[in-house]
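S.K.: A single structure is presented below for examination.
Laboratory data are not the source of any read-out in this text; all were calculated from the coordinates shown. For clarity, every value in this text was computed on a predicted model and none was experimentally measured. Heads up, the Cβs are rebuilt from the backbone with ideal geometry, glycines too, and the neighbour counts pull from every protein chain shown.
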Amino acid sequence: MKLTEFLTALNDRIAAAKVSGFWTTAQKEQWIYEAIVRVCSFRRWKGLELARSTATKIDQEYYDYPDNLSIDSIYYMEVDGGKYIKKSWSEYQALKANESTDQIFTSHNGFYFINPIPSEAGLTIDIWGIKKPVELVEWKAAADDSILSEKFDQSVIKLALASCLQKTGKYNEASAEIAEVEASRNPMVEGSGGLLAKLADSEEDEEPKGYIGRAISTRFS
């Protein structure tokens with residue numbers, strides 16, 4: 001859906017819920033955008049996986065995150081064809097302090113770090129991470145579809161409606177909308193879980209998008 005289509009759907013839901021109050025278009029757009037970010041952050045959705053490539057620089061340990069990847073979202077990496085293992089920041093620091101030669105990487109403060117530190121320039125760094133939504137002002141200006149596929153539209157609208165309900169003090173109704181979207185699945189109960197849990201289950205049968213072939217050859221600084 002485009003932002004304008006989300007607005008129409010949200011207005012219909014607000015009217016159906018008989019929510020009193022005046023809400024500006026800007027407020028509604030913000031609720032929709034925050035809902036999209038929330039859905040994107042729910043799990044590692046296969047449809048948001050993105051592969052990128054760059055090159056090593058001599059004695060450079062850390063590199064900027066690509067602009068279109070969510071911070072801290074890199075989950076797989078290869079350098080010169082060799083697999084690197086993801087570590088937490090503290091684990092990475094401890095291994096580096098012990099002069100480990102294990103091929104590892106981590107994310108921290110908008111950068112990704114690789115160890116051992118490259119001693120050669122021009123080696124290919126292939127990374128797989130998660131696309132991030134463009135900023136609201138950019139999305140609005142471009143008039144593009146959401147970063148999410150249409151199967152997520154209902155979840156986005158419900159979460160945006162929940163934001164509206166919270167503003168009017170209808171906390172129980174807001175919680176019910178959120179639960180319909182984000183409730184966890186009970187493995188002992190068939191068909192349990194919210195909309196996102198069900199969508200996550202449906203992705204289990206899909207091929208992983210991050211490991212098919214090489215990373216996209218687009219270079220970034």
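S.K.: Compare Asp153, Asp72, Asp59 in a GNM of the chain, Cα atoms joined below 10 Å, and give the one with the largest fluctuation.
M.R.: Result for the chain, Cα springs under 10 Å: Asp59 fluctuates most.
S.K.: Run the simple label-point estimate for Trp89 and Asn172 please: 7 Å along Cα→C-beta, distance reported in nm.
M.R.: Reported label-point gap for Trp89 and Asn172 is 4.2 nm.
S.K.: Also: For the stretch 91-157 and the stretch 1-56, what is the centre-to-centre distance using only Cα atoms, to the nearest Å?
M.R.: Centre-to-centre distance over Cα atoms comes out at 21 Å.
S.K.: Explain nothing, just compute: Karplus ³J(HN,Hα) = 6.51 cos²θ - 1.76 cosθ + 1.60, θ = phi - 60°, for every residue of the stretch 177-183 in order, whole Hz, x for Gly and Pro.
M.R.: Karplus-based 3J(HN,Hα) across the stretch 177-183 equals 5, 5, 4, 4, 8, 10, 4 Hz.
S.K.: Binned at 5 Å from 0, what are the whole-percent values of the Cα-Cα distance distribution for the stretch 48-130, short to long?
M.R.: Per 5 Å bin, starting at 0, the Cα pair percentages come out as 3, 16, 29, 28, 18, 6, 1, 0.
S.K.: Hey, another quick one. If I model the chain as equal point scatterers sitting on the Cα atoms and use the Debye formula, what is log10 I(q)/I(0) at q = 0.12 Å⁻¹?
M.R.: Per q value, in the given order, log10 I(q)/I(0) is -0.77.
S.K.: Given labels modelled 7 Å from the Cα in the Cβ direction, how far is it in nm from Ile117 to Ser100?
M.R.: The two pseudo-label positions are separated by 1.8 nm.
S.K.: Sequence-distant or interchain residues sharing an amide H contact under 5 Å with Ser192, placed H: which?
M.R.: Under 5 Å from the amide H of Ser192: Asn186.
S.K.: Pull up the DSSP beta bridges for the chain and report the antiparallel fraction as a percent, rounded to 5.
M.R.: 90
S.K.: Straight-line reach from Lys167: which lysines have Cα under 19 Å away, leaving out those fewer than 8 places along the same chain?
M.R.: Within the straight-line limit of under 19 Å, Lys167 reaches these lysines: Lys18, Lys28, Lys158.
S.K.: Considering only the other residues whose Cβ falls under 11 Å of the Cβ of Ile71, what net charge follows from Lys and Arg at +1 and Asp and Glu at -1?
M.R.: Overall, the nearby charge balance is -2.
S.K.: Still on this structure, please answer the following. May I ask you to give the average projected area over all directions of the convex hull of the Cα atoms of the stretch 27-80, in nm² rounded to one decimal?
M.R.: With every direction weighted equally, the projected area is 5.0 nm².
S.K.: How charged is the neighbourhood of Glu150? Take every other residue with its Cβ under 12 Å from the Cβ of Glu150, and add Lys/Arg as +1 and Asp/Glu as -1.
M.R.: Around Glu150, the charge tally is -1.
S.K.: How would you rank 159-172, 11-24, highest first, on the average number of other Cβ atoms within 10 Å across their residues?
M.R.: 159-172, 11-24
S.K.: Which lysines does Lys151 reach when only Cα atoms under 16 Å apart count, and residues fewer than 8 places away in its own chain are ignored?
M.R.: Those lysines meeting the cut-off are Lys2, Lys46, Lys198.
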